[in-house]
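Enquirer: A single structure is presented below for examination.
Please treat every number below as a calculation from the coordinates, not as lab data. As the structure is a prediction and not an experimental result, all values here were calculated from the model. When we count neighbours, we look across all protein chains shown, and the Cβ atoms used for this are built from the backbone with ideal geometry, even at glycine.
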Amino acid sequence: MNQTRYLWFMATVVVGVFLFSASACCGDIKQRMKDRLPRIIELKAAGIIGENSQGLLAFVGGDRQEQALVEAENKDRQLVYRAIAQQQGTTAAVVGQRRALQIAEKAKPGEWLQDAGGKWVQK
């Protein structure tokens with residue numbers, strides 16, 4: 001096998017391994033997020049957390065119930081936003097801001113949302 005063919009072969013293998021790892025990773029993320037969702041819905045309904053303008057969860061007041069859960073959700077969201085940003089040729093921050101707008105549209109009455117200026121409002 002000549003050097004050019006070998007390099008193409010190795011590049012294909014590396015890309016294949018990366019894509020397999022990414023799909024496995026994202027599947028895990030999706031399941032973790034799905035598992036957390038019922039508790040997140042409860043915390044939103046109780047007014048403890050809301051959705052900030054960056055597409056992440058944030059505490060609205062001083063009550064920090066389930067801080068580890070909120071941090072885990074935000075970590076996974078950031079991983080997803082980075083992956084989407086890479087696909088779209090943009091930044092994770094832009095993806096998060098776009099997602100925040102989508103989340104705000106679907107928010108239930110009474111849920112807390114942070115506007116672009118940082119002010120918390122109830123829908």
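Enquirer: Let me know the whole percent of all Cα-Cα pairs from the stretch 50-123 that are separated by more than 19 Å.
Expert: Cα-Cα pairs in the stretch 50-123 separated by more than 19 Å: 36 percent.
Enquirer: Arrange R64, R36 by Cβ neighbour counts within 10 Å, fewest through most, would you?
Expert: By the 10 Å Cβ count, ascending, the order reads R64, R36.
Enquirer: Under 15 Å from a point 7 Å along the Cα-to-Cβ line of Q97: which residues of the stretch 57-87 have their amide N that close?
Expert: Under 15 Å, as judged by backbone N against the label point of Q97, lie 85 of the stretch 57-87.
Enquirer: Taking 0.36 nm per intervening residue step and subtracting the Cα-Cα distance, what contour gain separates L79 from A116 on full extension?
Expert: Extra length from L79 to A116 when fully extended: 11.1 nm.
Enquirer: Quote the charge dipole size of the stretch 42-123 about the Cα centre in Debye, to the nearest 20; the model charges only the Cβ of Lys and Arg (+1) and of Asp and Glu (-1).
Expert: 260 debye
Enquirer: What full-extension length gain, to one decimal in nm, is calculated for A58 and R39 as 0.36 nm per residue of separation minus the Cα-Cα distance?
Expert: Roughly 5.4 nm would be gained on extension.
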